[in-house]
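Asks: I am attaching a structure below and will ask some questions about it afterwards.
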Amino acid sequence: MPEVIAVMKDIFFAAKIRETAKHKGIDTAIVRSYEDMFDFLNRRTKLLIFDLREGFDFTIVKDIKGNRLFSDIGLIGFLPHVNTELKNEALSAGFDRVYSRGEFSKKLAEII
């Protein structure tokens, strides 16, 4: 049962997250769709990571935060570049933190 679930299609970032988590002894699942994410989501999950560049559906945040079993899970998003509008939309929707791709990559070990 994963503690961290990352929803993305970018194999470079998926591998980077997987390796960083493995190094820290954290069980991680990398999935390509929201449906797969919900299949892996469990009470041990502490963090969800989303790639926000591919037309993110912000209703997913309401589904997660609205479920009392999962409302305490941290939500992290990352963007291709500084996109203030999308970042503000994500934070307003309920994301705990939103990073640029570069910042996310640099801080990955401390994020997870």
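A short reminder: the numbers here are calculations on the coordinates, not readings from a lab. Since this is a predicted model, take the numbers as computed values, not measurements. Positions of Cβ are generated from backbone atoms using ideal geometry, with glycine treated the same way; all protein chains shown enter the neighbour counts.
Asks: With +1 on the Cβ of every Lys and Arg and -1 on the Cβ of every Asp and Glu, and nothing else charged, how large is the dipole of region 36-79 about its Cα centre, in debye rounded to the nearest 20? The partial results should precede the final answer.
Replies: Values: 7 positive and 7 negative charges, 64 e Å.
Here the size comes out at about 300 debye.
Asks: Quick check on the chain: helices-only [θ] at 222 nm, where DSSP H runs of length 4 and up contribute -39,500 (n - 2.57) each and the sum goes over total residues. Nearest 500, please. Write down the numbers at each step before the final one.
Replies: Values: 5 runs with 48 residues, N = 112.
Roughly -12500 deg cm²/dmol at 222 nm, from the helical runs in the chain.
Asks: Using a 7 Å offset from the Cα along the Cα-to-Cβ direction at both Phe38 and Glu85, what is the distance between the two label points in nm, to one decimal?
Replies: 2.9 nm
Asks: To continue, here is another question. If you take the beta carbon distance between Ser71 and Ser100 as r and set R0 to 22 Å, what does 1/(1 + (r/R0)^6) give as a FRET efficiency, to the nearest 0.05?
Replies: 0.25
Asks: Report Rg (one decimal) and Dmax (nearest whole number) for the chain, counting Cα atoms only, units Å.
Replies: According to the Cα coordinates of the chain, Rg and Dmax are 12.8, 35 Å.
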